[in-house]
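Worksheet: one structure, shown below.
The values are calculated or read from the model by the stated rules, or taken from the named source; none is laboratory data. These numbers come from a predicted model, not from an experiment. Positions of Cβ are backbone-derived with ideal geometry, glycine not excepted, and every protein chain shown enters the neighbour counts. Note: accessible area is taken over every heavy atom of the protein model, side chains too, but ligands, DNA and RNA are not part of it. Shrake-Rupley method; radii C 1.70, N 1.55, O 1.52, S 1.80 Å.
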Number of protein chains: 4
Amino acid sequence: MSDREDQLVGEFPFIPRQERAQQKRKALLESGRILFTTKGYEHTTAKEIAAHAGVATGTFYRYFSDKRQLLMALLEDKIDQFLAPEPHWFCHDPVSLLASLLEAHVLRLNHSGLHRVLPEILSKDLDLAEVIQAARKRIHAKILSSLKQIHEKNLTWRDLDLDTVAWSIMMLFENSHKKAEQTGEKVNYREMAKVICRMIFPPHILDNFPDELK
Amino acid sequence: MSDREDQLVGEFPFIPRQERAQQKRKALLESGRILFTTKGYEHTTAKEIAAHAGVATGTFYRYFSDKRQLLMALLEDKIDQFLAPEPHWFCHDPVSLLASLLEAHVLRLNHSGLHRVLPEILSKDLDLAEVIQAARKRIHAKILSSLKQIHEKNLTWRDLDLDTVAWSIMMLFENSHKKAEQTGEKVNYREMAKVICRMIFPPHILDNFPDELK
Amino acid sequence: MSDREDQLVGEFPFIPRQERAQQKRKALLESGRILFTTKGYEHTTAKEIAAHAGVATGTFYRYFSDKRQLLMALLEDKIDQFLAPEPHWFCHDPVSLLASLLEAHVLRLNHSGLHRVLPEILSKDLDLAEVIQAARKRIHAKILSSLKQIHEKNLTWRDLDLDTVAWSIMMLFENSHKKAEQTGEKVNYREMAKVICRMIFPPHILDNFPDELK
Amino acid sequence: MSDREDQLVGEFPFIPRQERAQQKRKALLESGRILFTTKGYEHTTAKEIAAHAGVATGTFYRYFSDKRQLLMALLEDKIDQFLAPEPHWFCHDPVSLLASLLEAHVLRLNHSGLHRVLPEILSKDLDLAEVIQAARKRIHAKILSSLKQIHEKNLTWRDLDLDTVAWSIMMLFENSHKKAEQTGEKVNYREMAKVICRMIFPPHILDNFPDELK
DNA sequence: CATGAATGAGGCTTCATTCAT
DNA sequence: GATGAATGAAGCCTCATTCAT
């Protein structure tokens, strides 16, 4: 933000270079996001992004070395969002917890829409594929460790294969947005959460979550 | 080589046009499949496919109107495979059933590899996206109907949301191949099957599947 | 050459693929040569060369990977021509010999005109610069060895620095075409040859070239 | 730094506009010279020159209408240097004279390095080509007139073609720097001078230059 | 005056598709 | 039918030059 913004109201609008530039950069990012998610990555050209952002083609290249770099900038720090959040089971009501996590996750996904671009690129961009792969492993490890904690407390099915459950949870999260896309209806996150919980907890635990975790 | 080649010696070599043509067509399809799954759809050119199939560029266009059509021909009748098979629960051992279904599913996927091409195209090819969507709905309906049958027989959790479970099963099937890709290890289909079964059946049913269904 | 060319005269003109292709390649080379020498290398675009050759832009890239490669193809085996020929002094009349060598050299240069393109590229294309440098050393060595032979026969100035003379001869050859360009008149090669001979031979040798060399 | 900076301490720093401007202009010229000679004219961008000179891109265009004009400013008054100096034969030792002229010439050339840029532009810039051409004619005329003077004094070969000799001298001067570039060694200017003198003077003159010219 | 962001024409190159042979 | 050369539209990117601040 400009130093001057907190000055007198009504002053002649002055936006310093950097901020203007940042605005253009942001406009380009936003245009890129919109076009990528609308038409697909390959079918979007740098020229189009620039035009959509209201700048000349050359301006695109002032801010991004190429289309890929713009995409990377869009994905930066967002990758983990596409996968799944780490659940914390220390909660008296895992169903509600998961339901809210799911909802938040789907909202995040749909906010940027970038998750729809990923599949298109992963087959061609091995670097990015590796990054995603690594992120998935990270998330998987986190979920696994969460599961271990409750498993040690005897809260789960006794013969639970934690690795498989963790992976299943991750998959259901990653694809949770597709349900709405498919049916056109609003997703019932609570029901999804119940299904997930059933994979983990025996009914007597679910029905009466132990007080010591509250 | 044609089946007819081992016919009478000295006979004028006669391979019906259609058969030769079909060979070329098949070669093109196979080359397309290999290159699409290897390098991605967009990054594969018609020329490359033709070269890989050992025919001229122009020949490609005799058999296929364009690259997209070749892909469609490849996908033809295969789309359902990418999604999930319809399970039949009338079986004394649902875990084994699902495990074998899962394994067969993953083998099918990896056999053609075409499921890796789909994500790349769906964002651009709305027609195909619709086809896939329709297929998914079909599969979903089938799984749902299967679930209904066992639900009516009181074999499942009483408060099961069949729709959500059907969808979850479908997602886990659709993505089952990713686990191997991620971990590099062989997938334990039995454990995955157990997880899925847990979503459906209460333990007492699972442990002792009723005889009347055998 | 086509198999059909030795067939009946008057047959429908059929030029096989390869030959046609070679014609296009030659047309592109010739167009490249003309445009390079006319407008300069940098100021000539691949598109222009293609247009001048009467083909589409893409055709250019079927025959040449880029502009540089076309130039290299033009220069191939011509580089030595731009420098200087190796004189053979075993001749009863070195002036006439040099005069004819000079004339032939200038004719060669002006035939292709490519020597005018070289200076433009040498500063940017270090690979080519090295090739030229090597060629110059080769020529220099040849001239030097020629000079040594006549020096050993006591035909030259006694205190001749052969290296410097060889180099001077090479420079005068390399630049001989510029005289015509500058004055607009026809060059008097004989006078130039006399000047060169003066650098090498004392007058009594020049006036009466020894018989044993005839 | 300005000459005025060492003036009175505490004085308001006053550097006249023109002087500052001249500093920038000089910096741009110097940066242009360095980059042109290093990377070639076409491969140097205005932005680069400005950056190298530590000014903004736009500033470049305040001082020079374009890249070409900067080059012209660099060449201004230097063109004659690239060609050859006018020798004055009224000297008791023409070899030494020419040797020192040659050395001075090569030093001048290498000082700016701009002679390496010329070839690149001549093919495209007909105006400059004409300027150079004119300069060459001027130099040629001067050398010719020098030669005439000594020719009239019977100091030269009797059958000297003055025009050709003048032109040869000019060529050897113009290209004298190349010898060092090629061999990597230091040039022996004296030997070069001897070669040139041999083109002009008969041995008895060279060995015993007449006193009346001293 | 200085700045450097913005412009957009223009060069390079690829590739889906056509078509003469 | 088969061939593969030819096409040219379209994408990528650079850079000389302008202009608002």
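Residues of the stretch D:42-78 whose accessible area, computed with a 1.4 Å probe over protein heavy atoms, drops by at least 30 Å² once all protein chains are present relative to their chain alone are D:GLU42, D:HIS43.
The A:LYS78 and A:ASP159 beta-carbon pair, evaluated with R₀ = 45 Å, returns a calculated FRET efficiency of approximately 0.75. Distances between copies of D:ASN154, taken at a point 7 Å out from Cα along the Cα→Cβ vector and listed shortest first: 3.1, 13.3, 14.4 nm. Since only B:LEU97, B:GLY113, B:MET199 are under comparison, the one whose Cα sits farthest along the positive direction of the charge dipole of the stretch B:96-201, derived from C-beta charges on Lys, Arg, Asp and Glu, is B:LEU97.
Burial annotation for the stretch A:108-145: residues with an accessible-area loss of at least 30 Å² between the isolated chain and the complete set of protein chains, computed on heavy atoms with a 1.4 Å probe, are A:PRO119, A:GLU120, A:SER123, A:LYS124, A:GLN133, A:ARG136, A:LYS137. Between chain B and chain A, the total buried accessible area stands at approximately 3600 Å², from heavy atoms with a 1.4 Å probe.
Placing R0 at 30 angstrom, the Cβ-Cβ distance between B:TYR61 and A:THR57 gives a FRET efficiency of 0.35 after rounding to 0.05.
The overall shape of the stretch D:83-157, judged from the alpha-carbon gyration tensor, is oblate: a/c is not under 1.5, and a/b is no greater than b/c. Spacing of the modelled spin labels on B:GLU152 and C:GLN22, each 7 Å from Cα toward Cβ, amounts to 8.0 nm. Label separation (D:ARG108 vs C:HIS111): 3.9 nm, computed from points 7 Å beyond Cα along the C-beta direction. In a DSSP loop and with at most 16 other Cβ atoms within 10 Å, the trypsin sites (Lys or Arg not before Pro) in the stretch C:56-153 are C:LYS78, C:LYS153.
The residues of the stretch B:166-188 occluded by other protein chains by 40 Å² or more of accessible area, set against the chain on its own, are B:TRP167, B:MET171, B:LEU172, B:ASN175, B:LYS178, B:LYS179, B:GLN182; surface from heavy atoms, 1.4 Å probe. Remark: the protein assembly as shown carries 51 Å² of accessible area per residue (probe radius 1.4 Å; ligands, DNA and RNA excluded). Placing +1 on the Cβ of every Lys and Arg and -1 on the Cβ of every Asp and Glu, with nothing else charged, gives chain D a dipole about its Cα centre of roughly 480 debye. Summary for A:LEU126: label point 7 Å along Cα→Cβ; distances to the equivalent points in the other copies, ascending, 2.9, 3.6, 5.3 nm. Take the convex hull of the alpha carbons in the stretch C:79-213; its mean projected area over all directions comes to 8.3 nm².
Surface composition of chain A: carbon plus sulfur atoms hold 51% of the accessible area, using a 1.4 angstrom probe and ignoring ligands, DNA and RNA. Helical content alone sets the calculated 222 nm signal of chain A at -20500 deg cm²/dmol, taking -39,500 (n - 2.57) per DSSP H segment of four or more residues and averaging over every residue. With N counted as the residues of the protein assembly as shown, its alpha-carbon radius of gyration over 2.2 N^0.38 Å works out to 1.47.
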